[in-house]
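Only one structure is covered here, and it is reproduced in the block below.
Only the coordinates and a few stated rules stand behind these numbers; no lab work does. All figures in this text were calculated on a predicted structure; none of them were measured in a lab. Neighbour counts run over all protein chains shown; Cβ positions are idealised from the backbone, glycine included.
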Amino acid sequence: MLLTVQVSVKTTLKVTARLSLRLHLAGRALALQRARLCGFTLVELMVVMAIIATLLTLALPRYFNSVDRSREAVLRQDLHIMRDAIDKFLADRGRYPATLEELAERRYLRKVPPDPITDSVTTWILVAPPGSESPEGVYDVRSGAPGNSLDGEAYESW
């Protein structure tokens, strides 16, 4: 069923203008509603920040503990390698090395490793051979780092 209505041009323009204004306002309202839906509220952001902070409080202590454990493992390995090099030097030369640098010069070590706790090459404690009259030679090496390990043992006793 088709309805035919005759109206004047003036009336047609008014109706068209009203419809286009309504469509424009409806489109603008829809755009504003979309903009509100795309963003986050302050409460949502605060909840996310609280969750991240909680996760960090669980993860960071474990991270720092693992860094300390790895430094201690490197210290144990460096001490083992240097003691092995001292033993090989003694077996080859029949005497103890005068310094740790001599081990590096004679290629028993590539270089003297830094103490991983103090990050210094100069903090190693050199132990003279037992029962010798002259304190020449390096019989043993220990860490000069102050403090205790995570196990409660002093670094100097390693």
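Data overview
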item: Point-to-point label distance, A128-E105, nm (Cα→Cβ direction, 7 Å offset); result: 2.0
item: Contact order normalised by residue count of the range 40-122, Cα under 8 Å, 6+ apart, percent; result: 22
item: Per DSSP, loop trypsin sites (Lys or Arg not before Pro) in the range 30-138 with at most 11 further Cβ within 10 Å; result: R95, R107, R110, K111
item: Kirkwood hydrodynamic radius over Cα pairs of the range 56-152, then Stokes diffusion coefficient at 4 °C and 1.567 mPa s, in µm²/s; result: 87
item: Sites T41 and D68 - FRET efficiency at Förster radius 41 Å, r taken between beta-carbons, to 0.05; result: 0.50
